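Novice: Got a structure here, written out as structure tokens. Questions coming.
Just so it is clear, none of the values below were taken in a lab; they were calculated from the coordinates. The structure presented is a predicted model; accordingly, all values stated were derived computationally and were not measured. When we count neighbours, we look across all protein chains shown, and the Cβ atoms used for this are built from the backbone with ideal geometry, even at glycine.
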Amino acid sequence: MVKKILKIENLKTYFYTWAGIVKAVDGVNIDVNEGETLGLVGESGSGKSVTALSIIRIVPSPGKIVEGKIIYKGENLVEKKEKTLQDIRGKEIAYIFQDPATSLNPVFTIANQLVEVILRHQKISKKEALEKAIELFRLVEIPDPEIKIWNYPHQLSGGMKQRMAIARALASQPNLLIADEPTTNLDVTIQAQILELMKNLKKKLGMSMILITHDMGVVADTADRITVLYAGRVCETADTKTIFYNPKHPYTQALLTAVPSLALKTEKLNVIPGSIPNLIKPPKGCRFHPRCEYAQQICTKKIPELTEIEPGHKVACLRATEINLKSPLGGSNN
Ligand SMILES: Nc1ncnc2c1ncn2[C@@H]1O[C@H](COP(=O)(O)OP(=O)(O)OP(=O)(O)O)[C@@H](O)[C@H]1O
Ligand code: SF4
Ligand SMILES: [Mg+2]
């Protein structure tokens, strides 16, 4: 039987701002199975980072988890004391931040920073920690690790910095790695190399991973399953092949037609009309209805529940079974 390492149930994380309550994450359900990579996909502002930050409870103020459970290895992290969370962060669950520069200290060498993380988690000598740091550099395929490790962050290229951020996250041998847009600011070739590296590392180290991205192209070849978020809610979740060839939510389909590499196949690159709604006063009913070409009167009133329509395939669309969506890859609902 498939074992779940993480189960998020009805998570609500709101920001209490002067302008009103931003319902950034509003009833999200996500499962991560042991040893798998889950792709968490959605446009900018859909709540990907806030969901991920909620998992290790580092949502910045004025944000707060107001409801829901985050079950990690059978324990609800929402109820845990800060001390317990400190032990879990980094050691059990590691995080690669959206902007790698934020996790690197510019005034210390990389050796210094890696050794510090290693010593925090393992009782070994400084010399042994340095050896381990060099080993990690080798693991993330940084050439001349014995030399490069004495660099300062600014001396590394964007791709190398990202490899360093991965090495740092792996230093504690985590069971779950959360990578928030790990390739966004890199050019296409380097992006492909980093994704390949992450895929190999996951296999080699047997960990689970949540890969966050706004680009379906990034998860196509990397994720085992995909969860699509829109305006703080889950639209659809299924294995990667089903999402790509048999999407049942109009937003998933729209995201697919917005991927340049997939659009090449259809010679039509779609831009999803409109934008993510204001999350202080989101649209009633289905939050996607103002942008959905299949919307009907009912969609403006009734909130679609996330419903399992076939084993492992869940959709939150009131019309999922009656509309016939076409995937740009050629699949359809039939
Ligand atoms: N500190 C904050 N104060 C108020 N609102 C916030 C704060 N941080 C995030 N939000 C809001 O929460 C919502 C979700 O943001 P989040 O950062 O999770 O989006 P995202 O899917 O990660 O987007 P991106 O692809 O741009 O990283 C957005 O509407 C955002 O404006
Ligand atoms: S519920 Fe209605 S508006 Fe929402 S995605 Fe389905 S068809 Fe579109
Ligand atoms: Mg983000």
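Novice: Every residue in the range 43-79 that is in contact with a Phe, Trp or Tyr (Cβ under 6 Å, 6 or more places away or on another chain) and within 9 Å of ligand 1 (Cβ to nearest atom), please.
Specialist: Scanning the range 43-79 gives 46, 62, 63.
Novice: Out of all the residues in the range 5-20, is one or more buried (at least 16 other Cβ atoms within 10 Å of the Cβ) and within 16 Å of ligand 2 (Cβ to nearest atom)?
Specialist: Scanning the range 5-20 turns up no residue that is buried (at least 16 other Cβ atoms within 10 Å of the Cβ) and within 16 Å of ligand 2 (Cβ to nearest atom).
Novice: Take residue 9 and tell me if it is over 24 Å from residue 304 (Cα atoms), of a type in the set (D, E, K, R) and more than 16 Å from ligand 3 (Cβ to nearest atom). Write out each step before concluding.
Specialist: On the way: over 24 Å from residue 304 (Cα atoms): no; of a type in the set (D, E, K, R): yes; more than 16 Å from ligand 3 (Cβ to nearest atom): yes.
When the stated conditions are applied, residue 9 does not pass them.
Rundown of residues vs (1) among the β-branched types (Val, Ile, Thr); (2) more than 22 Å from residue 32 (Cβ to Cβ), yes/no style:
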site: 84; (1), (2): yes, no
site: 93; (1), (2): yes, no
site: 98; (1), (2): no, no
site: 110; (1), (2): yes, yes
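Novice: Only one residue in 35, 27, 42, 47 is closer than 23 Å to residue 220 by Cβ and within 16 Å of ligand 2 (Cβ to nearest atom), so which one is that? Full working, then the answer.
Specialist: Values: 35 fails: within 16 Å of ligand 2 (Cβ to nearest atom); 27 fails: closer than 23 Å to residue 220 by Cβ; 47 fails: within 16 Å of ligand 2 (Cβ to nearest atom).
Testing whether each residue is closer than 23 Å to residue 220 by Cβ and within 16 Å of ligand 2 (Cβ to nearest atom) leaves just 42.
Novice: Which of the strands (runs of 3 or more DSSP E) contained wholly in the range 198-256 include at least 1 residues that are on the phi < 0 side of the Ramachandran plot, among the basic types (Lys, Arg) and out of contact with any Cys (no Cβ under 8 Å at 6 or more places or on another chain)?
Specialist: Filter on the range 198-256 gives 225-230, 233-239.
Novice: Those residues that are more than 16 Å from residue 94 (Cβ to Cβ) and of a type in the set (A, V, I, L, M, F, W, C), I need them from the range 49-69; list them, please.
Specialist: Within the range 49-69, 50, 59, 65, 66 meet the criteria.
Novice: Which of the following residues is surrounded by fewer than 23 Cβ atoms within 10 Å (Cβ to Cβ), under 13 Å from residue 38 (Cα atoms) and not aliphatic (A, V, I, L, M): 184, 240, 227, 189? Working first, answer last.
Specialist: On the way: 184 fails: under 13 Å from residue 38 (Cα atoms); 227 fails: surrounded by fewer than 23 Cβ atoms within 10 Å (Cβ to Cβ); 189 fails: under 13 Å from residue 38 (Cα atoms).
From the options 184, 240, 227, 189, the qualifying one is 240.
Novice: Take the residues in the range 277-329 that are among the basic types (Lys, Arg) and buried (at least 21 other Cβ atoms within 10 Å of the Cβ); name whichever of them is nearest to residue 45 (Cα to Cα).
Specialist: Taking the range 277-329 and keeping what is among the basic types (Lys, Arg), we get 281, 284, 287, 291, 301-302, 314, 319, 326.
Narrowing the set further to residues that are buried (at least 21 other Cβ atoms within 10 Å of the Cβ) leaves 287, 314.
Details: 287: 13, 314: 22 Å.
This residue is 287.
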